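Before any comments, here is the structure.
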Amino acid sequence: MLLQIRPLTTQKVSGSQMKELPKLKDAWLLLEDDVIHSFGQMSEIPDLKDLKTLDCSGKIVLPSWCDSHTHLVYAGNREQEFVDRINGLSYQEIAASGGGIINSAKKLQATSQEELFAQSEKRLQEVIQLGTGAIEIKSGYGLTTESEMKMLRVARELGAKHNIAIKTTFLGAHAIPPEFKNNKEGYLDLICGEMMEQIASENLADYVDVFCEQGYFSVADTNKILQAGKKFGFRAKTHVNQFTAMGGVAESVKNQALSVDHLEVLTKEDITALQDSQTMPVALPLCSFFLSIPYTPARAVIDAGLPLALATDYNPGSSPSGNMNLAVATACIKMKLSPEEAINAATINGAYAMGLSDSYGSITVGKKANVIITKEIPSYGYLPYAFGSTNIDQVILNGKLI
Ligand code: NIG
Ligand code: FE
C-alpha cells in the first residue's frame with residue numbers, strides 16, 4: 001500500500017483535513033535517480049524489466065518522516081540531570097542552579113568541531129535508520145559567536161556528507177550565558193549584531209529561533225531578535241509556551257513565524273492568534289514524556305481548524321530521543337491524535353514547518369525519493385499501536401536504499 005499520496009499543491013493539512021490520509025492499495029512506485037517518477041495501480045503496471053525492483057507485498061510505503069525541530073548537534077549528555085529529576089528536582093530548578101542549557105554549553109564550548117561532528121553524526125545516522133528523511137537542527141548550545149558558528153558548521157557539514165535535507169536554525173537566544181548574567185541587553189546586542197552578521201556572511205542559518213520563556217527571553221526580547229533576524233533573511237521559528245503563556249505566540253505570528261513550537265500551555269488567545277496565519281503549531285510529545293510536563297492540547301488545536309506538526313525536539317536535556325516513530329505513537333496515545341492525524345503531522349506538516357513542502361512530506365511525482373518501507377503489518381494504524389517495536393523494514397533516501 002502507498003500512503004500519503006498528495007498533489008504538489010498541498011503544502012500542509014489543517015483541521016478536519018488531517019483525518020484523511022490518501023492511499024493506494026495494490027500499488028507500484030517508480031523512483032528515478034533521487035525523485036519519485038510515477039506510481040499507480042498494479043493492474044496497470046508498466047514494463048519494468050531492466051529496472052531494479054523491490055517486492056513490498058504486505059508492506060506499507062510512506063514518505064519519510066520530516067522532523068522539523070531538533071537540537072541534534074550537542075556535546076556529551078545530561079544523564080546526571082535525568083537522575084536528579086528522578087530524585088525530585090524539577091527541570092527549572094536544575095537550570096536555575098547552572099545545569100540545563102548552560103551545562104550543555106560548557107561541554108560544547110570545550111569540544112572541538114571534529115569531535116562534535118563525530119558525536120552528532122552518530123545521532124543523525126541513527127535517526128535516518130528510524131525513517132527521518134528531512135530534519136531541522138538548531139544551534140543554541142554555543143552561546144558565544146565562535147561556538148554558535150561551530151554548531152551550525154557541523155549541521156551544514158552533516159547535510160553535505162549524508163546528502164540529507166538539513167535546515168539550520170540560529171538559536172543564540174536559548175539561554176543567557178553566565179558572562180551576561182547581569183547584562184541581558186549586552187547579550188541581545190551580541191545576538192542581533194556580531195552573531196547574526198557572521199552567521200549570515202557564511203550562510204550558516206536558514207531560520208532564527210528564541211526560547212521565549214520566564215527566566216530566558218521575554219516577548220519584547222523575542223520581537224527584537226526576530227526583527228533583527230528578518231534583516232539578515234532568517235525567518236522566525238520560536239520556542240513558546242513550554243511552561244508559561246506570555247503572549248509569545250501572537251508575537252511570533254506578528255513576525256510571520258514559520259512555526260511556533262512546544263505549546264504545552266496554550267490559551268484561547270494563542271489559538272485565535274494562529275487562526276488565519278501561515279504559522280505552523282508544532283508539538284513535541286517526547287519532551288512532554290521525558291520531562292513529565294503537560295502535552296500540547298493537540299485536540300484543541302486541530303478542532304479549531306488549525307494544522308499541527310509533530311517533531312522530536314532531539315536534545316540532551318528535554319528529549320534525548322530523535323525517534324519520530326515514538327513521537328507519532330506518543331501523539332496518538334497521549335494527545336488523542338488519530339493515526340491519520342499523527343502521520344500527517346509527522347510528514348507533510350513537518351515538511352511545511354521547515355519550508356520543504358515542495359519536495360518532501362508526501363508521495364508526489366517530482367518530490368524527493370525518500371520513503372519508509374514498513375515490515376509486513378496489518379495496517380498503518382499498527383505503527384503507533386505497536387509503539388515499542390521497530391516496524392520499519394527499509395528506508396530509501398534520495399532514491400538509495402540505506
Ligand atoms: O526545546 N526549551 C528549550 N530548549 C530545549 C531544551 C534545552 C535543554 O534542556 O537542553 C527544548 O526543550
Ligand atoms: Fe527545542
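Taking the conditions exactly as written (within 16 Å of ligand 1 (Cβ to nearest atom), under 17 Å from the mean Cα position of the chain (by Cα) and in contact (Cβ under 8 Å) with a residue 24 or more places away in the chain), does residue 257 satisfy them or not? Spell out the reasoning first.
Numbers: within 16 Å of ligand 1 (Cβ to nearest atom): yes; under 17 Å from the mean Cα position of the chain (by Cα): yes; in contact (Cβ under 8 Å) with a residue 24 or more places away in the chain: yes.
The answer is yes for residue 257.
Condition first: within 16 Å of ligand 2 (Cβ to nearest atom) and out of contact with any Leu (no Cβ under 9 Å at 6 or more places or on another chain). Now tell me which residues in segment 78-93 satisfy that.
Across segment 78-93, the qualifying residues are 78, 92.
Given the criterion open to solvent by 40 Å² or more (accessible area, probe 1.4 Å) and either in the same structural domain as residue 101 (by TED's automatic domain parsing) or closer than 30 Å to residue 312 by Cα (or both), identify the matching residue among 67, 34, 55, 26. Quick ask: steps written out before the conclusion?
On the way: 67 fails: open to solvent by 40 Å² or more (accessible area, probe 1.4 Å); 55 fails: either in the same structural domain as residue 101 (by TED's automatic domain parsing) or closer than 30 Å to residue 312 by Cα (or both); 26 fails: either in the same structural domain as residue 101 (by TED's automatic domain parsing) or closer than 30 Å to residue 312 by Cα (or both).
Going through 67, 34, 55, 26 in turn, just one is open to solvent by 40 Å² or more (accessible area, probe 1.4 Å) and either in the same structural domain as residue 101 (by TED's automatic domain parsing) or closer than 30 Å to residue 312 by Cα (or both): 34.
Residues in segment 92-102 that are under 19 Å from residue 170 (Cα atoms) and either part of a helix (DSSP H, G or I) or open to solvent by 60 Å² or more (accessible area, probe 1.4 Å) (or both): how many? Steps first, please.
Going residue by residue through segment 92-102, those that are under 19 Å from residue 170 (Cα atoms) are 100-102.
From the residues that got through so far, the ones that are either part of a helix (DSSP H, G or I) or open to solvent by 60 Å² or more (accessible area, probe 1.4 Å) (or both) too are 101-102.
Qualifying residue count, segment 92-102: 2.
Inside segment 123-152, can you point out the residues that are under 25 Å from residue 282 (Cβ atoms) and open to solvent by 20 Å² or more (accessible area, probe 1.4 Å)? Even if it seems obvious, please write down each step before you answer.
Quick first cut of segment 123-152, residues under 25 Å from residue 282 (Cβ atoms) only: 123-143, 148, 151-152.
The answer is 123, 125, 126, 129, 130.
Looking at (1) outside any helix (DSSP H, G or I); (2) open to solvent by less than 10 Å² (accessible area, probe 1.4 Å); (3) in contact with a Leu (Cβ under 8 Å, 6 or more places away or on another chain), which one does residue 167 not meet, given that it meets all the others?
(2)
Identify, please: which residue in segment 180-205 is open to solvent by 40 Å² or more (accessible area, probe 1.4 Å) and out of contact with any helix residue (DSSP H, G or I) (no Cβ under 8 Å at 6 or more places or on another chain) and is, among those, nearest to residue 318 (Cα to Cα)?
181
Given the structure, is residue 339 within 24 Å of residue 123 (Cβ to Cβ) and open to solvent by 30 Å² or more (accessible area, probe 1.4 Å)?
Working: within 24 Å of residue 123 (Cβ to Cβ): no; open to solvent by 30 Å² or more (accessible area, probe 1.4 Å): yes.
Spelling it out, it is not the case that residue 339 is within 24 Å of residue 123 (Cβ to Cβ) and open to solvent by 30 Å² or more (accessible area, probe 1.4 Å).
So the check is Cβ under 7 Å with 6+ separation or different chains; which pairs have a first residue in segment 141-163 that's closer than 20 Å to residue 177 by Cβ and a second one that's basic (Lys, Arg) and surrounded by 17 or more Cβ atoms within 10 Å (Cβ to Cβ)?
Filtered contacts from segment 141-163: 142/150.
Could you please tell me which pairs satisfy a Cβ distance under 6 Å, a separation of 6+ or placement on different chains, a first residue in segment 325-349 that is within 11 Å of residue 381 (Cβ to Cβ) and free of Cβ contacts under 8 Å to residues at least 12 places away in the same chain, and a second residue that is part of a helix (DSSP H, G or I) and open to solvent by 10 Å² or more (accessible area, probe 1.4 Å)?
Partner pairs satisfying both residue conditions: none exist.
Answer yes if at least one residue in segment 274-282 is open to solvent by 10 Å² or more (accessible area, probe 1.4 Å), assigned by TED's automatic domain parsing to the domain that holds residue 132 and within 12 Å of ligand 1 (Cβ to nearest atom), and no otherwise.
Taking segment 274-282 first, the residues open to solvent by 10 Å² or more (accessible area, probe 1.4 Å) are 275-278.
Now restrict to residues that are assigned by TED's automatic domain parsing to the domain that holds residue 132: 275-278.
Next, only the ones that are within 12 Å of ligand 1 (Cβ to nearest atom) stay: none.
No, every residue in segment 274-282 fails to be open to solvent by 10 Å² or more (accessible area, probe 1.4 Å), assigned by TED's automatic domain parsing to the domain that holds residue 132 and within 12 Å of ligand 1 (Cβ to nearest atom).
Would you be able to tell me the number of residues in segment 146-190 that are over 30 Å from residue 126 (Cβ atoms) and away from ligand 1 (no atom under 16 Å from the Cβ)? Give the derivation first.
Narrowing segment 146-190 to residues over 30 Å from residue 126 (Cβ atoms): 176, 178-190.
When the remaining residues are screened for being away from ligand 1 (no atom under 16 Å from the Cβ), the result is 179-190.
Total satisfying the criteria: 12.
Pairs please, first residue from segment 357-379 and under 11 Å from residue 392 (Cα atoms), second anywhere and basic (Lys, Arg), Cβ atoms under 9 Å, 6+ apart in sequence or on different chains.
Pairs that qualify, where the first residue is under 11 Å from residue 392 (Cα atoms) and the partner is basic (Lys, Arg), are 373/59; 374/59; 375/59; 376/59; 377/59.
I'm trying to understand the selection: among the residues of segment 298-320, which are surrounded by 19 or more Cβ atoms within 10 Å (Cβ to Cβ) and in a loop (DSSP other than H, G, I, E, B)?
Here is the first cut: in segment 298-320, the ones surrounded by 19 or more Cβ atoms within 10 Å (Cβ to Cβ) are 298, 301-302, 306-319.
Listed by number, the residues that qualify are 306, 308, 311, 312, 313, 314, 316, 317, 318.
Six or more apart or on different chains, Cβ under 8 Å: which pairs go from a residue in segment 286-307 that's over 17 Å from residue 274 (Cβ atoms) to one that's basic (Lys, Arg) and modelled with pLDDT of 95 or more? Could you list them?
Final answer for the pair search is 288/334; 289/334; 291/85; 295/334.
Under 6 Å between Cβ atoms, which residue pairs at least 6 apart in sequence (or on different chains) link something in segment 78-91 that is in a helix (DSSP H, G or I) with a partner that is buried (at least 17 other Cβ atoms within 10 Å of the Cβ) and of a type outside the set (A, V, I, L, M, F, W, C)?
81/99
Quick test of your reading of the structure: residue 249 fulfils all but one of (1) away from ligand 2 (no atom under 14 Å from the Cβ); (2) under 22 Å from residue 380 (Cα atoms); (3) buried (at least 23 other Cβ atoms within 10 Å of the Cβ). Name the failing condition by number.
Of (1) away from ligand 2 (no atom under 14 Å from the Cβ); (2) under 22 Å from residue 380 (Cα atoms); (3) buried (at least 23 other Cβ atoms within 10 Å of the Cβ), only one is false for residue 249: (2).
The values are calculated or read from the model by the stated rules, or taken from the named source; none is laboratory data. Just so it is clear, the structure is predicted and the values come from calculations on it, not from any experiment. Note that we place each Cβ from the backbone using ideal geometry, even for glycine, and neighbour counts take in every protein chain shown. Please note that ligands, DNA and RNA were not included when accessible areas were found on the heavy atoms of the full protein model with its side chains. Shrake-Rupley method; radii C 1.70, N 1.55, O 1.52, S 1.80 Å.
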